[in-house]
Amino acid sequence: MNYRHAFHAGNFADVLKHAVLTLCLAHLGKKANKPFAYIDTHAGIGRYDLSGSEAQRSPEWRDGIARLLAAERPEEVDRVLKPYLDTVRALNGGTGELTSYPGSPAIAAHMMGRSDRLHLCELHEADSVTLDRLFATDRRVKVEKRDGYRALKSLLPPKEKRGLVLVDPPFEHRDEMAHMAEAVVDAIPRFDTGTYIFWRPLKDMWAAERFDVGLAEWLLAEQGLQPEKILRADLWVRDPASEGKLSGAGVFVVNPPFTLEEDLLFVLPWLCDLFARDEDAGWRLDGGITEDSLAVDEF
Ligand SMILES: C[S@@+](CC[C@H](N)C(=O)[O-])C[C@H]1O[C@@H](n2cnc3c(N)ncnc32)[C@H](O)[C@@H]1O
């Protein structure tokens, strides 16, 4: 387990993932007196010090969250990104300075209510200790040093019967996509009304397409999900097939808030212009996915 998210925290891929996460959390939080559970299968350390050596050695956050905060944002973009940007600002002491970046656990903990619950899995020994320390005094949070995929079996369905599952693996291994698919097929029937966000890189396009198409087909045909319950949002800052650094990434969301597609339609093209590294940058947003609407040769 060599992956260190500290090198990537706050990059363009985190911005999209965490913006979607905040929109889903905000939606679940709208129902007063109806607690919900948040399950993070691959939680990381929860919060990232941007003055730390990893963040200083890797400028990814400067081209991501720092650029976004400094940009002049159209009103509609600002409205959609408000829960995300408010969280980032609040976790920086509301000073307007950017010294740390919240990981998904800190974002969720900030946005969730007193009766909600967070279950965070992190398999890396030292990282799970760091994560546990961050939430030592927060009684809503349980941190486990455990394989997040396996944990889903015992965590679903949550007792609240309302919840959000984030599956955000490091993709260190070639078969990660297959592991993720296995976990999906096991998890969703246990809790088919839950919201799920699956993050995946757009590096190996064939693997990403196979995951998306396979999952969409299974959800529609086997689980009887309506097309509007499936959404995918991707962003690439250069040709996604180019060698080297991560060029593109996105999320596949099951049971998204009904407003998510419209919200992302305001934001994705604008984020694409903001983060573009060259003319091959792009984005795609598929809401109401059907078997026919996911074409493998879209690029
Ligand atoms: C991409 S990072 C998570 C980032 C975090 N979700 C966020 O948005 O801030 C992936 C994390 O998963 C951890 N990890 C790797 N394999 C795991 C597994 N099978 N179960 C749980 N955690 C795992 C890694 O140590 C790493 O910290």
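For this structure, a couple of remarks:
- By a 1.4 Å probe calculation restricted to protein chains, LEU91 has an accessible surface near 30 Å², given to the nearest 10.
- Counting only protein chain heavy atoms and rolling a 1.4 Å probe, the accessible areas of HIS5, HIS18, HIS110 rank, largest first, as HIS110, HIS5, HIS18.
- Gyration tensor (alpha-carbon) shape descriptor, region 1-115, a/c threshold 1.5: oblate
- Cα gyration tensor shape of region 82-201, rounded if a/c is under 1.5, else prolate or oblate by comparing a/b with b/c: prolate
- Per-residue surface analysis assigns THR130 an accessible area of about 60 Å², computed on protein heavy atoms at 1.4 Å probe radius.
- If R0 is taken as 22 Å, the Cβ-Cβ distance between LYS142 and ASP86 corresponds to a FRET efficiency of 0.30.
- Gap separating the Cα centres of region 202-251 and region 136-151, nearest whole Å: 27 Å
- Ordered from largest to smallest accessible area (heavy atoms of protein chains, 1.4 Å probe), the residues HIS119, HIS173 come out as HIS173, HIS119.
- Rounded, prolate or oblate (a/c below 1.5 giving rounded, otherwise prolate when a/b exceeds b/c) for region 12-287 by Cα gyration tensor: rounded
- Debye, to nearest 20: dipole size of the chain, +1 on Lys, Arg Cβ, -1 on Asp, Glu Cβ: 1620 debye
- Solvent-accessible area of TRP236 with every protein chain in place, 1.4 Å probe, in Å² to the nearest 10: 30 Å²
- Among the listed pairs LYS31/LYS159; LYS153/LYS203; LYS142/LYS229; LYS31/LYS161, those beyond 24 Å (Cα-Cα): LYS153/LYS203; LYS142/LYS229
- For the chain, calculated [θ]222 nm from helices alone, where every DSSP H run of n ≥ 4 adds -39500 (n - 2.57): -11500 deg cm²/dmol
The values are calculated or read from the model by the stated rules, or taken from the named source; none is laboratory data. Keep in mind that this is a model prediction, so the values were computed, not measured. Don't worry about glycine lacking a Cβ; one is built from the backbone with ideal geometry, like all the others, and counts go over all protein chains shown. Each accessible area value is taken on the protein alone, full model and side chains, heavy atoms only, with ligands, DNA and RNA left out. Shrake-Rupley method; radii C 1.70, N 1.55, O 1.52, S 1.80 Å.
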